[in-house]
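Encoded as structure tokens, the structure appears first; notes follow it.
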Amino acid sequence: MYEKKVKRRRPVSSRNIRIGILLILALVMAGILIQRLFVLQIIRGEDYLDNFALSIRKTRTIPSTRGEIYDCNGELLAYNRLSYVVTFENSGSYQNRHIQNLTLNSILYRTVKIIESHGDKVYLDFKVRPAGEDHWEYSATGFTLSRFKADLFGQSYIDDLTEEQMNMTADDLMTLLGSSRYFGLDDDQITAKEYRDYALPASYTQEERLILTGLRSALAANNYQRYNAITVAKDVCEETVSQIMENTASLPGVDIAEDYLRVYNNAQYFGQIIGYTGPVSAEELKELQETNSAYNAGDIVGKVGMEQVMESSLQGQKGQKIIYVDSLGRTLSTETKVEPQAGDSLYLTLDTELQKVAYHILEQYIAGIVWSNTVDTDSINTEWIERSDDVRIPVYDVYFALFENNVLDVEHLSEPDASANEKRVYELFVQKLNAIFAEIKQQLTTPDPTAYKDLTEEFQVYQSYIVNNMLIESGILNKEAIDESDLTWIAWSQDEVISLQEFLTYAISKNWIDINGIAENTAYMDSTEAYSALSDYIQAYLFDDTQFCKKVFRYMLKEGSLTGTEVCLLLYDQGILDMNVDDYNLLSGGEISAYDFIRDKIYNLEITPGQLALTPCSGAIVITDPATGNVKVCVSYPGYDNNRLVNEMDSAYYNKLVTDLSSPFYSRATQEVLAPGSTFKIVAATAGVMENQVAIDEGIACTGKFDLVEPPINCWNEWGHGAETLTTAIRDSCNYYFNTIGFRLSMDNGEYNDDQGIAQLKKYGSMYGLDAKSGVEVPETAPHFATYAAVPAAMGQSNHAFTVTQLARYVNTIANSGNCYDLTLIDRITDSNGNVIDDKEPELHSTVDIPETLWSAIHAGMRAMVQQHEVFQNYMDVSVAGKTGTAQQVTTIPSHAEFIGYAPYENPTMAIAVRVANGYNSKNAAAIARDTISYFFGQKSEAEVITGHAVEVSSDNTRTD
Amino acid sequence: MFKQYRLRDYRLTLIIYVVLLSTIGVLVIGSAQKVYQTRQLYGLILGVIMMFVLSLVDYTWLLNFSWMFYIAGNVLLIAVLIFGEKINGATRWIRLGIQFQPSDLVKVILILFFAGLFSKNEDKLNTFRFIMLSLLLLAVPLFLIYREPDLSTTIVTGLTFCAIIFTAGLSFKIIGGILLVVVPSVVIFFSIIMRPGQTLLKDYQLERIMAWLKPAQYTDGAYQQQNSIIAIGSGQLYGKGLNNNMVSSVKGGNFIAEPQTDFIFAVAGEELGFLGCCLIVLLECLIAVECFRIGRRAKDLAGTCISCGLGALIMAQSFMNICVATGLMPNTGLPLPFISYGVTSLVTLCMGVGIVINVGLQNNRYR
């Protein structure tokens, strides 16, 4: 009791108060901390945990395996080949940059050595390339180069690059990247021991330097996404794979990944139909994402053909795996994995063997047409040619074609490793050029220049080229400024009565031409000096102009300053023909004439018509099944090898195809629309009978000239066929008969009404499917039905234009007597396990509802046509019915050769449409069809129809339809 | 030098707290960076030995050498600036056989030194001259530490000094006056450093402050702190467990640089959760409180100052460290007492505790 009182009364000392304050402060601090921890861990803990998981979770997609494409017999056309990719993932952590550089360089260097020792190539996406010893240059310009630098210097935007970085030369860049601040290729601090320990060479070769810098740059770009491995080499061989796998312990981070490469079998024959795949473009991506949001930039999608059309089926579904990464993006673990689903398989209706044989038959015949029609002359005076049947190919056009279609490499003539013959040709060429430029200079400076129309054709071509191509393209002549109604312009461009010099003088006075750019001090020059300067400028400009050089070669060949022999020898020099010393000597010794030589090479298909791109150079065959509309064959010549365009695109090959004058990308079967010629006559026959304008057995007397219209239309048989019924008119392809039908269809109460005639024809044309695309799944050009001139339209003239596939559907409808099916290339779609997803059923476009008697008359006519046709004489293989067509465009170029038919006549199991654009005469198409049909029915073996050389066709092109 | 002590006065609780806390430290370090665990364990053993030895040494006797300690401490600090090893841009370590951080030792030395100084001059404590003199004596080591540069240790040492002089009996009038000056100055200081082109602080110092104030703009500087908050937050109530190898571990993803030192609390928070964190905070607080209690019953002012100084040091440093780790303060580099990796820090703090125990052994029975 007492004690308590004392305690209570005892004065609290100052020290106790102060310590008490400290104590309270300590407790307050602890309280603050615990409160904070409570907020962080208990109240918001879950949010932190979730957010954190999000920031370290990366979703990585696993590409799906693209579906395969088969032919109707289950033979593979497109599939995926497993390939191995060497990858490198920088997953280590290093004490400092020095060690990091040594380690990474060492791993990459040793990996590259392994890869190269087995003949594989390192994959580099690096925009610098060697330019001579110890010098470098950029391999990109403009935006691409700026973007490359921005990536290299870690800038998101090009604008963030400093002036110095922007203007850095390739040499400086490589020095900088090699320094210890960057990749440490050149680092004084590396000791001899370190060089040994890290197995690095004391100095790198230029090639090694390029590879290491390129790979390190790729790695650096990945610095914060280290879970993305970089690609070191693609499609490496088994030996590389095994050696790298054996050395994984000493090459940490290096790994082998599997990748699938798209492979096309029999590519040449299916190129345009199958197409190819490639990285998705921005526009394609936008379009694809509208239907499937799973598409991402960098995905491989179909670019052309079936690959593109059936993209959604072939693509499959991507898989997904979730990975957790650390602060530098190194993979910590992989969580869930959704396996990718392989794309669906496509079974086409096409038959590989048939397609292949048809392609070769087509090539052999086109070569045969070129071979038969090539004549040993320098040029043909087109004024003498009255009919397109008489057009021939002068052999000098063949020589020139070798230059024009880039078979011969003009640039190689002046390269250091050019052969003696190449050098000689080049010397001749330079001589010729100098002569041309001297002449042009003379024309520009003489007081008495020659008017354009009085120039030789050769110089007219050169001067036109100078004005229309060179001066306008180089911006010296401003096309916009020219007043089209100016009299001097008209005198130059249309009347051709003034000279180039006069035109230029006028153009300068009118300020159409800016002469300032071409030389210094042009302002102080008199006109002679100015023209002299201009002609020098022209010379310098045109010397490297490939198009101009080609024109020069043309005239060199014409005038004989370059001989056919020299050109033919170039074929050996440049490796286009396999070297044959005997032939080479015979040719250079003059024992074989160049004419015989080149024809021999055409005959033996060593030089193909596709390479020459003369007329003709292309053709198409389509074979269908009358019962379903399934397309068994769809060939377009020339084809291309889509294997070289897929995976890593061979851009040189691509450019060659794009500039190839034979247009291999252009499908002659589905995209080229041309007049059908006499093959159209079945439509007119149907229309005439069904509209009661003609009776089946009514006789119409052909006089050889149908003169009820202006101008009168000649029948191909000028003396007239006499009386023709429907069947015989089809047999004889009598123009007069079908003109009459066209005329009668157009009669409206005794008045000629062209529109009515066209409408009547179109009504029946539509029943045969000629009003719509044929249904094939690849892109097809829409048909164009004639819009005027019903009388010629009735026999296939006027402005009809159809694809071969459209003609194929038409004849398919005739073959099955009235069921116009949509054509299809796809038989069925199955999933990757072979379960059918979509089994295509035949779809009717329309029916041709006509009496059986009319069908019989049409079939009989077509059968008779074949029976009496010269190419079917003594033909016993199978009973064929058909209709030929020779569609004439103008008299100066060969007509198109066409044939439609079906077999066997009694019970058709196939229908065929053949066309060779500018193929001279329908009998060529008929012969192609004949051989193809024989093979189709097994009557001739592959060896019998594919001889490996051109088919000798008759050069008598007198038309009979 | 040695006196006879009564065993019942020996503050075993304090030793238990220290050993318990340090053991947690060793475990957490082992989880953060395995390689440092063994050395920290040796540090702990050495620390406990030193603590025990010093607890038996009469602190009054030690105070005789306080000037010597003071001079030796400053020499060490100068030596660091001249011969020290530069790590991460700061010269804080010196190699004397082992790597050694003098500023840790100086903190304890200064507690002893000022405790001695104030107890001897208790009567002059509130004179202007004496205050100026003690500030000058403080300024020398503080400047040397500041030059390392180690702003945070400078601040903590300054705060400890404040606690000692406050305990020693600095007049409340003077304290009031100082507060009147200091509070507006701090406001002015912040308003100055917020302006562009200021020269008061070094760039890295400003950046840390700015990163704390505006984390969105100064993401690089705040990165470490943000990750620490995420780590602590994600620990929730029970934590993810020591040495876990969960994928969703902030520490495991290398999101905290050098987790064994200043941001050890992030690892502790993530792995031990709210319960573990509270235990650490409470233990740090209990150690400080125990020091204060010993100080209250010390036989003389020197003993009180030593105990309260050490308590204040431990509490201030813990508070600042955890505030940084939880984002309540700008990023400063301070170790968490007894937990963070750092043998010098651990051993010197143990020595300090040893001296405080000795103060407790010589307690004033009548108070």
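The values are calculated or read from the model by the stated rules, or taken from the named source; none is laboratory data. If you're wondering where the values come from, they're calculated on a predicted model, not measured in any experiment. Reconstructed Cβ throughout: ideal geometry from the backbone, glycine too, with neighbour counts over all protein chains shown. We work out accessible area using only protein heavy atoms, side chains counted, and drop any ligands, DNA or RNA first. Shrake-Rupley method; radii C 1.70, N 1.55, O 1.52, S 1.80 Å.
Below are the figures for this structure:
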| item | result |
| --- | --- |
| Criterion: open to solvent by 30 Å² or more (accessible area, probe 1.4 Å) and touching a residue at least 24 places away in the same chain (Cβ under 8 Å) - qualifying residue of A:124, A:104 | A:124 |
| Test for residue A:578: is it open to solvent by 50 Å² or more (accessible area, probe 1.4 Å), under 14 Å from residue A:399 (Cβ atoms) and either touching a strand residue (DSSP E or B) at 6+ places or on another chain (Cβ under 6 Å) or not polar (S, T, N, Q) (or both) | no |
| Pick from segment B:262-292, criterion within 8 Å of chain A (Cβ to nearest Cβ) and open to solvent by 10 Å² or more (accessible area, probe 1.4 Å), ranking: farthest from residue B:125 (Cα to Cα) | B:274 |
| Residue, farthest from residue A:664 (Cα to Cα), within segment A:888-907, restricted to residues that are surrounded by fewer than 24 Cβ atoms within 10 Å (Cβ to Cβ) and touching a helix residue (DSSP H, G or I) at 6+ places or on another chain (Cβ under 6 Å) | A:905 |
| Test for residue A:816: is it out of contact with any His (no Cβ under 8 Å at 6 or more places or on another chain) and open to solvent by 40 Å² or more (accessible area, probe 1.4 Å) | no |
| Count of residues meeting criterion [surrounded by 24 or more Cβ atoms within 10 Å (Cβ to Cβ) and out of contact with any Asp or Glu (no Cβ under 6 Å at 6 or more places or on another chain)] in segment A:345-354 | 1 |
| Test: residue in segment A:79-87 that is outside any loop (DSSP other than H, G, I, E, B), at pLDDT below 85 and not hydrophobic (A, V, I, L, M, F, W, C) | no |
| Flag if residue A:97 is within 14 Å of chain B (Cβ to nearest Cβ) and either under 30 Å from the mean Cα position of the chain (by Cα) or over 30 Å from residue B:283 (Cα atoms) (or both) | no |
| Which listed residue, of A:796, A:769, is within 30 Å of residue A:304 (Cβ to Cβ), touching a residue at least 24 places away in the same chain (Cβ under 8 Å) and small (Gly, Ala, Ser) | A:769 |
| Index of the failed condition, residue A:473 passing every other in (1) under 28 Å from residue A:399 (Cβ atoms); (2) at pLDDT 85 or above | (2) |
| Residue B:112 open to solvent by less than 20 Å² (accessible area, probe 1.4 Å) and either modelled with pLDDT of 90 or more or among the aromatic types (Phe, Trp, Tyr) (or both) | yes |
| From the options A:808, A:759, residue that is part of a helix (DSSP H, G or I), of a type in the set (Gly, Ala, Ser) and open to solvent by 50 Å² or more (accessible area, probe 1.4 Å) | A:759 |
| Single residue of segment A:38-47 satisfying the filter (facing another protein chain (nearest Cβ under 7 Å) and either modelled with pLDDT under 80 or open to solvent by less than 50 Å² (accessible area, probe 1.4 Å) (or both)) that is nearest to residue A:339 (Cα to Cα) | A:45 |
| Residue that is touching a strand residue (DSSP E or B) at 6+ places or on another chain (Cβ under 8 Å) and at pLDDT 85 or above, where the choices are B:81, B:76, B:20, B:62 | B:76 |
| Subset of segment B:147-158 [modelled with pLDDT of 85 or more and surrounded by 22 or more Cβ atoms within 10 Å (Cβ to Cβ)] | B:153, B:156, B:157 |
| Answer residue from segment A:48-78, given it is surrounded by fewer than 18 Cβ atoms within 10 Å (Cβ to Cβ) and farther than 30 Å from residue A:296 by Cβ and is nearest to the other protein chains (Cβ to nearest Cβ) among those | A:74 |
| Residue in segment B:121-130 that is closer than 23 Å to residue B:72 by Cβ and either more than 13 Å from chain A (Cβ to nearest Cβ) or open to solvent by 20 Å² or more (accessible area, probe 1.4 Å) (or both) present | yes |
| Among residues of segment B:23-54, those that are modelled with pLDDT of 90 or more and surrounded by fewer than 16 Cβ atoms within 10 Å (Cβ to Cβ), counted | 7 |
| Residue B:144 vs. criteria out of contact with any Ser or Thr (no Cβ under 9 Å at 6 or more places or on another chain), surrounded by 13 or more Cβ atoms within 10 Å (Cβ to Cβ) and within 27 Å of residue B:201 (Cα to Cα) | no |
| Filtered residues of segment A:70-95 (kept if under 26 Å from residue A:237 (Cα atoms) and of a type in the set (A, V, I, L, M, F, W, C)) | A:76, A:77, A:78, A:82, A:85, A:86, A:88 |
| Residue that is farthest from the chain's Cα centre (by Cα) [pool: residues in segment A:28-37 that are surrounded by fewer than 21 Cβ atoms within 10 Å (Cβ to Cβ) and at the interface with chain B (Cβ under 7 Å from one of its Cβ atoms)] | A:34 |
| Matching residues in segment A:641-695 - criterion: being without any contact (Cβ under 8 Å) to a residue 40 or more places away in the chain and among the charged types (D, E, K, R) | A:644, A:650 |
| Residues of segment B:7-61 satisfying the condition of being in a helix (DSSP H, G or I), among the aromatic types (Phe, Trp, Tyr) and closer than 24 Å to residue B:307 by Cα | B:17, B:52, B:59, B:61 |
| Strands (runs of 3 or more DSSP E) fully within segment A:838-932 counting 2 or more residues that are within 30 Å of residue A:394 (Cβ to Cβ) and of a type outside the set (Ser, Thr, Tyr) | A:881-887, A:896-903, A:910-916 |
| Residues satisfying the stated conditions in segment A:292-335, i.e. of a type in the set (Val, Ile, Thr), over 26 Å from the mean Cα position of the chain (by Cα) and open to solvent by 50 Å² or more (accessible area, probe 1.4 Å) | A:331, A:334 |
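Yes/no per residue for (1) more than 14 Å from chain A (Cβ to nearest Cβ); (2) out of contact with any strand residue (DSSP E or B) (no Cβ under 7 Å at 6 or more places or on another chain); (3) among the β-branched types (Val, Ile, Thr):
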position	(1), (2), (3)
B:307	no, yes, no
B:310	no, yes, no
B:321	no, yes, no
B:324	no, yes, yes
B:333	yes, yes, no
B:337	no, yes, no
B:342	yes, yes, no
B:356	no, yes, yes
